[in-house]
Amino acid sequence: MASNLQARIKNIFGNDALDWLDRSYLTDWVIVATLWILSELAANLPVFERDFYVADQTINHAHKKSQINGTVNHFIALLVPGAAVLAWGLIRLSFVAIHHGALALLAGRGLSRLFTNILKNRVGRLRPDFLARCKWDEVALACTGKKNAVLDGRRSFPSGHSSAVFAGMTFLSLWLAGQTAAWCFQTPLPVASLRSSRLLRFVLSLLPLCWATFVAITRLEDYRHHKEDVIGGAVLGAVCSTICYVAFWPSPFSARSFTSYSYGQPRLITHGENGRLRQGNFDFELTRLEEDDMDV
């Protein structure tokens, strides 16, 4: 079965489509799978039941329907960047770009989801609409609302919507910038082409972050989170996604990432002399040195 899959990949992407493959990537995928499994387990951790005051106005807002459904948000945050990577990889017939894009995206989302679920349950911060969920009974001195709604009302920090959407959209922005040099203004672009507009590239790379910001704002408008929850979730998602992106793709801010040898290409692990490993981008640095010496 594995040999048939390899044959199909080579048939579509070329005979050298798997030359970059290294056993270390299997370890990476195991780690990614572990992150997602642990994040699911973390979602079921016991929730810390923080004390509260019925007169606390910060948790006494109305319970409203979410403008952006949680399932829809996670769907967009994962599949939109994934579809972009897949489509561009197929257009360029680059299996390594698809592989590295999926690996970096799933790693960032999994890491963000793990930290988010742990913090949600262990911090136990009350949502702005907690009292509406609680339906406090002055006689029984207890919440009489639905148990699941009350329990979820204790999981305000950090915002899961914000961490998920910023993890997915930060990856997409970084990836778009890495493919177009949108954030590296010293990189020369093709002349006499509409595609050479630096502002067009820059704006295109920021669109995912605009969507992420919109989703975060709706969480405040819907009284599902305090502003600190939204900011914390956004930072958490963006940081996790950025770390995982640069682990597999070169920096979109560096001019060395946009050469004729490595423009829009992911980081590769290739075997060097004496069986040692080196980064694929290192070959270009040697080439540049050789060209400089020739000029002298």
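For the reader, a short list of remarks on this structure follows.
- Residue check for S3: of a type in the set (S, T, Y) and modelled with pLDDT under 95: yes
- In the condition set (1) farther than 27 Å from L200 by Cα; (2) of a type outside the set (S, T, N, Q); (3) at pLDDT below 95, I118 is compliant with all but (3).
- Counted residues, region 1-32 - those being closer than 30 Å to R122 by Cα and without any contact (Cβ under 8 Å) to a residue 24 or more places away in the chain: 2
- Matching residues in region 150-170 - criterion: being touching a Lys or Arg at 6+ places or on another chain (Cβ under 8 Å), in contact (Cβ under 8 Å) with a residue 40 or more places away in the chain and aliphatic (A, V, I, L, M): A164, A167
- Selection count where residues are in contact (Cβ under 8 Å) with a residue 12 or more places away in the chain and either of a type in the set (K, R) or in a helix (DSSP H, G or I) (or both), scope region 171-206: 16
- Taken over region 183-220, residues that are over 13 Å from H161 (Cα atoms), among the charged types (D, E, K, R) and either surrounded by 12 or more Cβ atoms within 10 Å (Cβ to Cβ) or at pLDDT 95 or above (or both) amount to 2.
- Condition check for L45: of a type outside the set (D, E) and not in a helix (DSSP H, G or I): yes
- Residue within region 83-96 that is farther than 19 Å from W36 by Cα, surrounded by fewer than 17 Cβ atoms within 10 Å (Cβ to Cβ) and among the charged types (D, E, K, R) present: yes
- Tally, over region 67-82, of residues that are in a loop (DSSP other than H, G, I, E, B) and loosely packed, with under 13 Cβ neighbours inside 10 Å: 1
- Unique residue being at pLDDT below 95 and either aliphatic (A, V, I, L, M) or closer than 22 Å to V85 by Cα (or both) when the list is L236, L286: L286
- Filter result for G153 (modelled with pLDDT of 95 or more and under 24 Å from V246 (Cα atoms)): no
- Applying the set (1) more than 29 Å from Y223 (Cβ to Cβ); (2) assigned to a helix (DSSP H, G or I) to L21 leaves exactly one unmet item: (2).
- The criterion of being under 19 Å from L119 (Cα atoms), at pLDDT 95 or above and surrounded by 22 or more Cβ atoms within 10 Å (Cβ to Cβ) does not hold for F171.
- Considering region 221-259, the residues that are of a type in the set (S, T, Y) and in a loop (DSSP other than H, G, I, E, B) include one that is surrounded by the fewest Cβ atoms within 10 Å (Cβ to Cβ), namely S254.
- The set of residues in region 53-66 being over 20 Å from R219 (Cβ atoms) and buried (at least 16 other Cβ atoms within 10 Å of the Cβ) is empty.
The values are calculated or read from the model by the stated rules, or taken from the named source; none is laboratory data. Here the structure is a predicted model, which is why all the values come from computation and not from measurement. All Cβ positions, glycine included, derive from the backbone under ideal geometry; neighbour counts span all protein chains shown.
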